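The values are calculated or read from the model by the stated rules, or taken from the named source; none is laboratory data. Model, not experiment: these values are computed from the prediction. As a convention, Cβ positions derive from the backbone with ideal geometry for all residues, glycine included, and neighbour counts pool all protein chains shown.
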Amino acid sequence: MNAPHAPLSPLTTGSASLQHQWLPFTPNREFKSAPQMFGSAKDQYFYDLDGRPVLDAGSGLFTTPAGHCRAEIAEAVHAQLLSLDFSPSFLRAHPKSFELSTRIAQLLPQGIGKLFFVSSGSEAVDTAMKICLAYQRAVGAPGRTMFVSRERAYHGVNFGGVALSGMVNNRRAFSNIVHGVVHMRDTWLEENRYVTGQPEHGRELADDLLRLILLHGAENIAACVVEPIAGSTGVLVPPKGYLERLREICTAHGILLVFDEVICGFGRTGEAFASQSFGVTPDLITMAKAITNGAVPMAAVAVADHVHDAIVNSAPDGAIEFFHGYTWSAHPVASAAALAALDIYRDERLFERAQSLSGYFLEQIATLAELPIVTDIRGYGMLAGIDVQSDGKPGRRGHLLQRKLYDAGLHLKTTGDCAIVAPQFVFDREHIDQTVDVLRNTLLSFGA
């Protein structure tokens, strides 16, 4: 399909130097020798500095399912900046954040009705960990200070999230700062190779939590933290019955269950949250990214009423119940952006659209299994992972694949030797076809 022209005059670097910014998760020397930059965006496309379209098959960074540069969000942000640009959330507040909390609560599973606003997924995870510790103290179990996570998990880059994470490169230099985190196995199994949707095999992996309880004692464990779908590691979809079994074990042993839905939240699985898609209700849910359609940094922790009430009601009258927060918590501009994004999701029925597109998307992605370089494909909803054969140095081929895809007019994320496809919900079938065609041709360029 033919992409539209760039909506604005393409930007140039002009006299700006590339030498002063230190880019995250980037080989900076390589980037500065051959930069790949975007100058503008509109709807389903980024545009490079020459105005060349690059189809966004990664929804930015899982952030922008409603398409880029939505006028409704821009207008809401502009109006907010002219009326109330900042309001502290310490001892003060503003109406939009309460409106936003109500709107999000209406999307959440029943019984999860309290929202604590932060600015990033990493902040949301660390906040959730603190809430779990505060809850256990409030109910008379201060010895519950340990956390259980999973291998191959990604929970952000703050120290708490790094301790929870099970992706080795994120942990190597930083993971020993926060202690008391133990890990279950991840859910990838050989017998589930090339399966899209929920795999049949692997429910028993949830019993790793029981093994850790026997080893460390339930009386020492505050919470179990998992991504419903392990996203950044390469889209590991939970086996049938796996999340249900985790819920059962946590409930039986007084352990809180936390779902990290920073990637899965806001329609990626076809429902508002993956907990609803999989029919399992946790005690806390972290969210970020698509909460504002990527327009303004914002995130939140959704907390079950019984967890919130235990913490708040255990404090003396007039006392601060939870000594935690950020300058930017519930920022009025971010709140306005999020409300506008929620309006778009509702009015354009984008979660339903994602659900209806998912079957076609996963079918087309599955056709890449015929390529010799492809070693596995997994997916659920509007999210898929494609493993490519390593060239002997883990991650090198995946990194080169991403650079080649940019040159071929396609944007997505790679982790190691896995390409992660997360289409926008405003894609048509033609955009999915274009995504798969570019992927196929680029993968073929590597040879056998």
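The rows are residues; the columns are (1) within 28 Å of the chain's Cα centre (by Cα); (2) modelled with pLDDT under 95; (3) closer than 29 Å to residue 345 by Cβ; (4) of a type in the set (S, T, N, Q).
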site	(1), (2), (3), (4)
10	no, yes, no, no
13	no, yes, no, yes
17	no, yes, no, yes
20	no, yes, no, no
47	yes, no, yes, no
70	yes, no, yes, no
93	yes, no, yes, no
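Could you identify the single residue in 410, 339, 368, 405 that is in contact with a Leu (Cβ under 8 Å, 6 or more places away or on another chain) and in the same structural domain as residue 297 (by TED's automatic domain parsing)?
Only one candidate passes the filter, namely 339.
Scanning region 427-448 for residues that are assigned to a loop (DSSP other than H, G, I, E, B) and surrounded by fewer than 22 Cβ atoms within 10 Å (Cβ to Cβ), which turns out modelled with the lowest pLDDT?
448
Right, residue 351: in contact with an Asp or Glu (Cβ under 7 Å, 6 or more places away or on another chain) and among the aromatic types (Phe, Trp, Tyr) or not?
yes
For residue 85, indicate whether it is in contact (Cβ under 8 Å) with a residue 60 or more places away in the chain and of a type in the set (D, E, K, R).
For residue 85, the condition - in contact (Cβ under 8 Å) with a residue 60 or more places away in the chain and of a type in the set (D, E, K, R) - is met.
Only one of 320, 365 is surrounded by 15 or more Cβ atoms within 10 Å (Cβ to Cβ), out of contact with any helix residue (DSSP H, G or I) (no Cβ under 6 Å at 6 or more places or on another chain) and of a type outside the set (D, E, K, R); which?
Selected residue: 365, the only one of 320, 365 that is surrounded by 15 or more Cβ atoms within 10 Å (Cβ to Cβ), out of contact with any helix residue (DSSP H, G or I) (no Cβ under 6 Å at 6 or more places or on another chain) and of a type outside the set (D, E, K, R).
Do we find a residue being without any contact (Cβ under 8 Å) to a residue 24 or more places away in the chain, assigned to a helix (DSSP H, G or I) and of a type in the set (A, V, I, L, M) anywhere in region 248-259?
Within region 248-259, one or more residues are without any contact (Cβ under 8 Å) to a residue 24 or more places away in the chain, assigned to a helix (DSSP H, G or I) and of a type in the set (A, V, I, L, M).
Residue by residue through region 167-203, note down the ones that are in a helix (DSSP H, G or I), more than 20 Å from the chain's Cα centre (by Cα) and either touching a residue at least 12 places away in the same chain (Cβ under 8 Å) or farther than 30 Å from residue 270 by Cα (or both).
Result: 192, 203.
For region 30-44, what are the residues that are among the aromatic types (Phe, Trp, Tyr) and either surrounded by fewer than 13 Cβ atoms within 10 Å (Cβ to Cβ) or under 17 Å from residue 409 (Cβ atoms) (or both)?
38
Of the residues 359, 392, 381, only one is farther than 30 Å from residue 50 by Cβ, small (Gly, Ala, Ser) and touching a helix residue (DSSP H, G or I) at 6+ places or on another chain (Cβ under 6 Å); which?
381
Any residue at all in region 387-402 that is touching a residue at least 60 places away in the same chain (Cβ under 8 Å), hydrophobic (A, V, I, L, M, F, W, C) and assigned by TED's automatic domain parsing to the domain that holds residue 36?
no
Among the numbered conditions (1) under 23 Å from residue 288 (Cβ atoms); (2) in contact with a Lys or Arg (Cβ under 6 Å, 6 or more places away or on another chain), tell me where residue 260 comes up short.
In the conditions (1) under 23 Å from residue 288 (Cβ atoms); (2) in contact with a Lys or Arg (Cβ under 6 Å, 6 or more places away or on another chain), residue 260 misses (2) alone.
Within region 59-104, can you find the residues that are in contact with a Leu (Cβ under 7 Å, 6 or more places away or on another chain) and charged (D, E, K, R)?
96, 99, 103
Condition check ((1) crowded, with 20+ Cβ neighbours inside 10 Å; (2) outside the structural domain of residue 418 (by TED's automatic domain parsing); (3) at pLDDT 95 or above; (4) more than 16 Å from residue 275 (Cα to Cα)) across all residues:
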site: 184; (1), (2), (3), (4): yes, yes, yes, yes
site: 191; (1), (2), (3), (4): no, yes, yes, yes
site: 202; (1), (2), (3), (4): yes, yes, yes, yes
site: 213; (1), (2), (3), (4): yes, yes, yes, yes
site: 225; (1), (2), (3), (4): yes, yes, yes, no
site: 240; (1), (2), (3), (4): no, yes, yes, no
site: 252; (1), (2), (3), (4): no, yes, yes, yes
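Quick check on this structure: which one of 310, 341 is among the small types (Gly, Ala, Ser) and either loosely packed, with under 14 Cβ neighbours inside 10 Å or under 22 Å from residue 103 (Cα atoms) (or both)?
Of the residues listed, the single one that is among the small types (Gly, Ala, Ser) and either loosely packed, with under 14 Cβ neighbours inside 10 Å or under 22 Å from residue 103 (Cα atoms) (or both) is 341.
Hey, residue 262 hits all of (1) more than 20 Å from the chain's Cα centre (by Cα); (2) among the aliphatic types (A, V, I, L, M); (3) buried (at least 24 other Cβ atoms within 10 Å of the Cβ) but one; which does it fall short on?
Against the list (1) more than 20 Å from the chain's Cα centre (by Cα); (2) among the aliphatic types (A, V, I, L, M); (3) buried (at least 24 other Cβ atoms within 10 Å of the Cβ), residue 262 comes up short only on (1).
Restricting to region 398-416, give me the number of residues that are part of a loop (DSSP other than H, G, I, E, B) and either on the phi > 0 side of the Ramachandran plot or surrounded by fewer than 23 Cβ atoms within 10 Å (Cβ to Cβ) (or both).
Of the residues in region 398-416, 3 are part of a loop (DSSP other than H, G, I, E, B) and either on the phi > 0 side of the Ramachandran plot or surrounded by fewer than 23 Cβ atoms within 10 Å (Cβ to Cβ) (or both).
Could you list all residues from region 260-292 that are in a loop (DSSP other than H, G, I, E, B), closer than 12 Å to residue 64 by Cα and not small (Gly, Ala, Ser)?
Passing the criteria: 263, 266, 268.
Looking only at region 151-160, count how many residues are farther than 24 Å from residue 389 by Cα and either assigned to a loop (DSSP other than H, G, I, E, B) or in contact with an Asp or Glu (Cβ under 6 Å, 6 or more places away or on another chain) (or both).
Count: 5.
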